[in-house]
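Okay, so here's the structure we're looking at.
Just so you know, all these numbers are worked out from the coordinates, no wet-lab data involved. Predicted model, so just to flag it, every value in this text is computed and none were measured. Positions of Cβ are generated from backbone atoms using ideal geometry, with glycine treated the same way; all protein chains shown enter the neighbour counts.
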Amino acid sequence: QKEVEQDPGPLSVPEGAIVSLNCTYSNSAFQYFMWYRQYSRKGPELLMYTYSSGNKEDGRFTAQVDKSSKYISLFIRDSQPSDSATYLCAMSGNTNAGKSTFGDGTTLTVKP
Amino acid sequence: GAGVSQSPSNKVTEKGKDVELRCDPISGHTALYWYRQSLGQGLEFLIYFQGNSAPDKSGLPSDRFSAERTGGSVSTLTIQRTQQEDSAVYLCASSRGLARQNIQYFGAGTRLSVL
């Protein structure tokens, strides 16, 4: 079993929809939770970063972490065609800080 | 430079040949990471450097893979006797250090095809 499991998708939604992307994990040592966005033939870029449990909002994006359930989510409000990309969750702990563990990614398509 | 630079962007090679992939991190970033991304898959951790040393080489798939970093800057990932299963996108990332938030900035990757 992988340490990080991500809803595989693909996901296709109409423009303006609310999108929910989710990951579960098994390693209770994870403290730092990231969401990356990756456009086709590009490297991932950091979208959201959260420490421990709680919510974080940035514009149309909200990241949620529930450590008790080992579950994290990324919500996208008023989705736009430009949001079409692969979204990767990533996590790391206090030790071995050089290593992040990534989910396999969810490919999102927002249709105009 | 402004971002992480990787070269070449594409590499086609024949099975059994050696290849070298290069990564130029963001200036001032002391930590450097290599990942492999196969088609439709997430990122597979290979190795990271803090300065010129590599505390964790556990992700290297076999002894055909090696990496080095010199001068605390440029890194080279070498794959010897390439196999078809080595075909993937090899991504490099850098960060300011091993601060706990571990925010990594990625290059565009080298797309390796082994024929």
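Taken as Cα centroids, segment A:22-96 and segment B:11-29 sit 28 Å apart, rounded to the nearest whole angstrom. If exposed GluC sites (Glu not before Pro) are those in a DSSP loop with at most 15 other Cβ within 10 Å, what is the longest stretch of chain A that has none? Value returned for the longest uninterrupted segment is A:16-112. When chain A is treated as a GNM with alpha-carbon contacts under 10 Å, the residue of A:Lys99, A:Lys67, A:Lys56 showing the greatest mean-square fluctuation is A:Lys99.
A Förster distance of 22 Å, applied to the separation of the beta-carbon atoms of B:Ser113 and B:Arg22, puts the FRET efficiency at 0.80.
Among B:Ile26, A:Ile76, a tally of other beta-carbon atoms within 10 Å of each Cβ gives an order, fewest to most, of B:Ile26, A:Ile76. Placing a label point 7 Å from the Cα of A:Leu46 along the Cα-to-Cβ direction, the residues of segment B:26-67 whose backbone N falls under 16 Å from that point are B:26-34. Positive end of the dipole of segment A:1-71 (Cβ unit charges, origin at the Cα centre): among A:Tyr32, A:Pro44, A:Thr62, the Cα lying farthest that way belongs to A:Pro44. Listed by chain and number, the lysines whose alpha-carbon sits under 23 Å from that of B:Lys57, ignoring those within fewer than 8 places in the same chain, are A:Lys2, A:Lys99, B:Lys17. In chain A, Cα pairs under 8 Å separated by at least six residues give a relative contact order of 37 percent.
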